[in-house]
1. Would you pick out the residues in the stretch A:49-70 that are closer than 14 Å to B:V18 by Cα and surrounded by fewer than 19 Cβ atoms within 10 Å (Cβ to Cβ)?
2. So, in the stretch B:68-81, of the ones that are small (G, A, S) and within 10 Å of chain A (Cβ to nearest Cβ), which residue ends up nearest to C:T76 (Cα to Cα)?
3. A:V84 - would you say it is more than 7 Å from chain B (Cβ to nearest Cβ) and either modelled with pLDDT under 95 or more than 20 Å from B:K28 (Cβ to Cβ) (or both)?
4. Being at the interface with another protein chain (Cβ under 7 Å from one of its Cβ atoms) and under 12 Å from the mean Cα position of the chain (by Cα) is the requirement here; does B:L54 meet it?
5. Pairs please, first residue from the stretch C:88-104 and free of Cβ contacts under 8 Å to residues at least 12 places away in the same chain, second anywhere and not in a helix (DSSP H, G or I), Cβ atoms under 7 Å, 6+ apart in sequence or on different chains.
6. How many residues are small (G, A, S), touching a Lys or Arg at 6+ places or on another chain (Cβ under 6 Å) and either more than 7 Å from chain A (Cβ to nearest Cβ) or closer than 18 Å to A:Q56 by Cβ (or both) when one looks only at the stretch B:57-67?
7. Tally time: how many residues in the stretch A:49-105 are of a type in the set (S, T, Y), closer than 30 Å to B:A92 by Cβ and in contact with a helix residue (DSSP H, G or I) (Cβ under 6 Å, 6 or more places away or on another chain)?
8. Scan the stretch D:14-53 residue by residue and report those that are β-branched (V, I, T) and touching a residue at least 12 places away in the same chain (Cβ under 8 Å).
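The values are calculated or read from the model by the stated rules, or taken from the named source; none is laboratory data. In this text the structure is predicted, and so the values were computed from the model without any measurement. Glycine gets a Cβ as well: all are built from the backbone with ideal geometry, and neighbour counts include every protein chain shown.
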4 protein chains.
Amino acid sequence: MTSPEAHCALPQDDQRHVVQPHKQALLKRLNRIEGQVRGVAQMIQNDRYCVDVLTQVAAIQSALDAVGLQLLEDHTRGCVANAVSAKKGEQAITELMAAVRRFAR
Amino acid sequence: MTSPEAHCALPQDDQRHVVQPHKQALLKRLNRIEGQVRGVAQMIQNDRYCVDVLTQVAAIQSALDAVGLQLLEDHTRGCVANAVSAKKGEQAITELMAAVRRFAR
Amino acid sequence: MTSPEAHCALPQDDQRHVVQPHKQALLKRLNRIEGQVRGVAQMIQNDRYCVDVLTQVAAIQSALDAVGLQLLEDHTRGCVANAVSAKKGEQAITELMAAVRRFAR
Amino acid sequence: MTSPEAHCALPQDDQRHVVQPHKQALLKRLNRIEGQVRGVAQMIQNDRYCVDVLTQVAAIQSALDAVGLQLLEDHTRGCVANAVSAKKGEQAITELMAAVRRFAR
């Protein structure tokens, strides 16, 4: 039995592989999000009222935010913390901050 | 042949139907977004590096933002402008602002 | 006595002047925000813990969001609705959407 | 002469003090932001056009985002990395993620 961190390759690797610690939960969420996107397409196909469609689009965005934040947290606890412990934190944190920036306001 | 606005039912209707003026383009975009969501699930399935996954999640969010803003703009040009011209703008603008708020920072 | 809308010059004017319908409330809020910004500077001056500073920065952003949304709503109810009623809505809505985009996610 | 990290107290401390590594730059930025907030109040006082005011509000938000991201990055490189190296990373990362969440979309 290994901790999630054990799966985390350092960012300097060429072939970085990470088994997500919440892999099954994430796949389930993404499956639901895929269905929500199809649902929005169906609403537009059926000429549903714009504001109702917009409400659904906002719901998908919240669901994707949650996926992004989960990935960000697990990445920080795993890959970034590993890199810091191995005295290779500087590059890992630069990369992390770029990811945060993409999600930031 | 009718203008997009002609399709726009006023928000007081019980059964509001709106043919989106960019209907085909929106359906095409949503189809592509659905594929992107499936792609992220595949990346997680394949244990791809967290930051690469996060980059794809951020790309989906940008694509959804664009869909939301298109819907918001068409709704304003159609339903909201119609309601204002019919002196029923107050309720329509209240509803619009609630939608903007959901997309706002 | 005039309605707020009466104060709203159409966007085609060279010298557009708008008396904000919530002018005093907005000035009061901005005054408070100015104090919050000074407070954050003071916290950094006093070497306060980063996360406490970050919490205050996020509070200022929420307060500014509220100011922005109030301005957006009053602008839509006033200037934009006026322009639509005067059959000059197209340009006003283009301008409105650009402003929404700046606040959007 | 000490590195920025040396100034960083661990989150378990009661009296946490952190000399920001970019202290002078942050104070300068906040001073400029304070002036921008005063400028927006002046614009509203002078009945300036709503969209011009909104543009300035959005500029302040961008400036505050930049301050927030700088603090977040320095906090991660300093306090969080220190905590991880001292095997006290778990709590520090929980706290970090709460801060990221407040800035996230």
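1. Answer for the stretch A:49-70, where residues must be closer than 14 Å to B:V18 by Cα and surrounded by fewer than 19 Cβ atoms within 10 Å (Cβ to Cβ): just A:D52.
2. Ranking the candidates gives B:G78 first.
3. When the stated conditions are applied, A:V84 passes them.
4. It is false that B:L54 is at the interface with another protein chain (Cβ under 7 Å from one of its Cβ atoms) and under 12 Å from the mean Cα position of the chain (by Cα).
5. Taking only residues 6 or more apart or on different chains, the pairs are C:A104/B:A104.
6. Of the residues in that region, 0 qualify.
7. Final tally of qualifying residues: 0.
8. If the condition is that a residue be β-branched (V, I, T) and touching a residue at least 12 places away in the same chain (Cβ under 8 Å), then D:V18, D:V19, D:I33, D:V37, D:V40, D:V53 are the ones that fit.
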